[in-house]
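What follows is one structure encoded as structure tokens, with my remarks underneath.
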Amino acid sequence: MTITNKSIEQISIPKLLCLIFIPTSVLTIVYIFAGLAQNVIPSLILFYLCAAFTLFPIELGIVMYASKKEYGSFSLKSAFSRYSKMSWWKVFLYGSLLFAFAGIMSVTLAPLENNLFAPISNYLKQITPEYFDWANIEYFGQYSKGILLFTFIGYLLFNVIVGPIVEELFFRGYLTPKMSRFGNWAPLIVTVLFSLYHLWLPFNNLFRISVFFPAAFVAWKKKNIYISIVFHCLCNLISSISLIVSVYQG
């Protein structure tokens, strides 16, 4: 069943900002303090352990609490308030095409952004902890093979499956329909905030927005967040494999 925009309660911009940036601020603060243990445990797994106990429960809790208010029971229904059923092969087709577009942007826009905003990126790297830069391959050299294996298994689980699903339920499923009064601007507004919400990865925002907005827009127009979930999982899968291969080759 598809629920139209008229039946979806809207939220204010200040509330939207609070719903997005309070949880991610909590995670980032916990992550900074957890970084004191990064000489023993790699920051990748530290981050996802922190997220598992802060960000993910908070975001899912917000959706479930909203579902209780809107539908009478704790569930994920509020993440599907604007949902239209679609064949799975179409979902994967859209997700794959969007992923292909992201691949094109990764070899065109991403390098351009890196060059244009190099001074800003370098400054951010200077003022943020070393372990905020997940592309720093040399950082992983201090850990044993056993620790790295454990880290990358957990990284794949959280970065490829858990993280994308939770974020898409929260951002594309729950928050975007709450901005439907802005029409087709809603997915762009939420996508920009989604990119900025990555306080622990304050790099490549232009690239992140450029690849996630098309997915958010298609999911919005087709009323099916499974499209953006598939896309997000594919993106994180390839980026995760790329990082792991780089570490072991290095």
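Quick note: the coordinates plus some simple rules give every number you see, no bench work behind them. Here the structure is a predicted model, which means the values were calculated and not measured. Virtual Cβ from ideal backbone geometry, glycine too; neighbours counted across all protein chains shown.
The table below lists the values:
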{"quantity": "In degrees, nearest ten, helix 186-196 long axis to first principal axis of the chain (Cα)", "calculated": "20"}
{"quantity": "Where the Cα pairs of the chain fall when distances are cut into 10 Å bins, in %", "calculated": "7, 29, 36, 21, 6, 0"}
{"quantity": "Chymotrypsin sites (Phe, Trp or Tyr not before Pro) within region 13-108, DSSP loop, no more than 15 other Cβ atoms inside 10 Å", "calculated": "F74"}
{"quantity": "At most 14 other Cβ within 10 Å, DSSP loop - GluC sites (Glu not before Pro), region 1-104", "calculated": "E9"}
{"quantity": "Folded to 0 to 90 degrees: helix 118-127 orientation relative to the chain principal axis, Cα", "calculated": "80"}
{"quantity": "Proximal lysine pairs, the chain, alpha carbons under 12 Å, eight or more residues apart or interchain", "calculated": "7"}
{"quantity": "Whole-number percent relative contact order across the chain, with pairs defined as alpha carbons under 8 Å at least 6 apart", "calculated": "31"}
{"quantity": "J(HN,Hα) series, region 34-48, from Karplus relation 6.51 cos²θ - 1.76 cosθ + 1.60, nearest Hz, glycine and proline x", "calculated": "5, x, 4, 9, 6, 6, 9, 10, x, 4, 4, 6, 4, 4, 6"}
{"quantity": "Degrees between helix 88-116 axis and first principal axis of the chain (Cα, 0 to 90, nearest 10)", "calculated": "50"}
